[in-house]
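The values are calculated or read from the model by the stated rules, or taken from the named source; none is laboratory data. Predicted, not measured: the structure shown is a model, and the values here were computed from it. Note: areas computed on protein heavy atoms with side chains; ligands, DNA, RNA excluded. Shrake-Rupley method; radii C 1.70, N 1.55, O 1.52, S 1.80 Å.
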Amino acid sequence: SHDSKAEYLQLYLDNQKIPLEISKDHMVFSKTHGPVPAFGISIGDYLVTMSGEGKTTTGKVKAIKKVNRIGAFAPFTETGTIVVSGVLASNYVSLQYQDKSGSFVVAGGTEVVSMQWLAHAFQIPHRLFCRGKGINSSYCSKEKYTKEGISYWVYAPFIIFRWSLQQHVTILTILSFPILLSATALQMAGFFFLELDAAWNNMWLILTILTMIS
């Protein structure tokens, strides 16, 4: 929100003029480990960056500082990623606050799937809703946020999932089955309704152009 005070990490990269400011739990993309929470980044790590021409590059972290800021928001994009200060960052946070891997970890320290994949799966209903027109697009363009800067659309699932992660490892492992099944079903629905729909629209456009030419 506009008046929420939060601590951010400043990540200075050798190929960027200004640092990336990001909350410690938000994820960035490590060259070697994929999406990981910002607090798991160390000096010398390489992060995925974007050049001015839109090409993917990597930058070496040369310094890390802490800073307090007023105002916090968690924006959502169609891809689940966003480029800030030239650095590719995630829309999502890692909810297992003591784990630096950025993975959903269950019994025995088993890393099941990335938090990025899991969070993006549970964002599919939101993405589908905002793909609509009329009242849908109007609502999505004026989304409201909690004082922590979290969209009300995802606040309830966020609280439920965070509660699940705080349970005993045995209970968490049991809960992981319905969580993963639900995420897989949502990913399949997302592929069918979002990816195939986009591919069909592109194909229809090409066929229309070919028909006009002929």
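A few comments on the model shown:
- By accessible area, using a 1.4 Å probe on protein heavy atoms only, the range 1-66 has 51% of its surface on carbon and sulfur.
- Over 19 Å between alpha carbons, listed pairs K31/K60; K17/K147; K31/K66: K17/K147; K31/K66
- Based on protein heavy atoms only, the range 83-172 ends up with 54 Å² per residue of surface accessible to a 1.4 Å probe.
- Residues of the range 16-67: accessible area per residue with a 1.4 Å probe, Å²: 55 Å²
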